[in-house]
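None of the figures in this text is laboratory data; all of them are computed from the coordinates on show. This structure is a prediction, so every number in the text was calculated from the model and none was measured. Every residue, glycine among them, receives a Cβ derived from its backbone with ideal geometry; neighbour counts consider all protein chains shown.
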Amino acid sequence: GAGVSQSPSNKVTEKGKDVELRCDPISGHTALYWYRQRLGQGLEFLIYFQGNSAPDKSGLPSDRFSAERTGESVSTLTIQRTQQEDSAVYLCASSFLGSPVETQYFGPGTRLLVL
Amino acid sequence: AQSVSQHNHHVILSEAASLELGCNYSYGGTVNLFWYVQYPGQHLQLLLKYFSGDPLVKGIKGFEAEFIKSKFSFNLRKPSVQWSDTAEYFCAVNAHGNEKLTFGTGTRLTIIP
């Protein structure tokens with residue numbers, strides 16, 4: 001596709017349930033990032049995938065959060081046993097690491113509300 | 001670890017006014033600097049970026065930003081704003097060789113026609 005796509009666009013869940021968020025990066029982009037934006041705050045880095053290298057998970061806030069990426073395509077962010085503080089917009093971005101400074105292209109985000 | 005400060009949380013201007021949004025970062029090494037914009041109902045998109053060379057960077061829609069290393073600043077400017085510039089603006093930084101971005105909390109810009 002022309003841009004980064006994410007699904008679902010909105011998700012409402014009950015506390016304690018697991019959720020899965022999906023990201024389809026721009027075709028050919030080798031790098032994929034997940035960020036979180038809580039209300040009134042900036043974007044927080046969560047995790048970064050680059051090719052076949054081990055992902056950088058340094059931003060994941062707890063072991064309830066995990067992410068996978070299949071090759072250089074789709075990624076899934078999973079939040080287990082959701083808590084109310086997980087409510088946020090989850091943004092995915094992709095980039096091509098070939099230029100002097102890579103530009104990250106963002107998707108529309110998934111708005112997660114945990115009741 | 002790097003951090004980014006955007007001190008203006010909400011700026012309200014009339015059309016044709018000049019704009020300057022502040023961005024300061026803290027990091028001791030070499031950085032790349034970015035301004036992203038999010039128009040109402042749209043994705044985050046890149047406005048401009050700096051990685052080396054001329055510290056005055058020009059971006060889309062008449063925006064520019066100046067990197068002042070001694071002040072750890074990368075302020076965004078536009079000489080004459082339009083109603084269509086109403087959006088949220090985010091400053092971001094990453095360290096050379098470290099692709100993950102650190103964002104400021106954003107500045108909401110409202111332009112009054």
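Brief remarks on what is shown
- Chain B - Debye-derived log10 I(q)/I(0), Cα point model, q = 0.16, 0.18 Å⁻¹: -0.67, -0.84
- Surrounding net charge for B:N98, when Lys and Arg each add one and Asp and Glu each subtract one, Cβ distance under 13 Å: -2
- The relative contact order of segment A:7-60 comes to 23 percent, based on Cα pairs under 8 Å that sit 6 or more residues apart.
- Neighbour-limited loop hits for GluC sites (Glu not before Pro), segment A:4-102 (at most 15 other Cβ within 10 Å; DSSP other than H, G, I, E, B): A:E14
- Label point 7 Å beyond Cα of B:E15 along Cβ direction - residues of segment B:89-113 with amide nitrogen under 17 Å: B:110-113
- Label point at A:R64 placed 7 Å out along Cα→Cβ; residues across segment A:1-24 whose backbone nitrogen lies under 17 Å: A:11-21
- With contacts taken as Cα pairs under 8 Å at a separation of at least 6 residues, chain A carries a relative contact order of 37 percent.
- Of the GluC sites (Glu not before Pro) in segment B:1-99, those whose Cβ has at most 16 other Cβ within 10 Å and which sit in DSSP loop: B:E15
- Cross-link pairs B:K71/B:K100; B:K69/B:K100; B:K49/B:K71; B:K78/B:K100; A:K11/B:K78; A:K11/B:K58 - those with Cα-Cα distance over 29 Å: A:K11/B:K78; A:K11/B:K58
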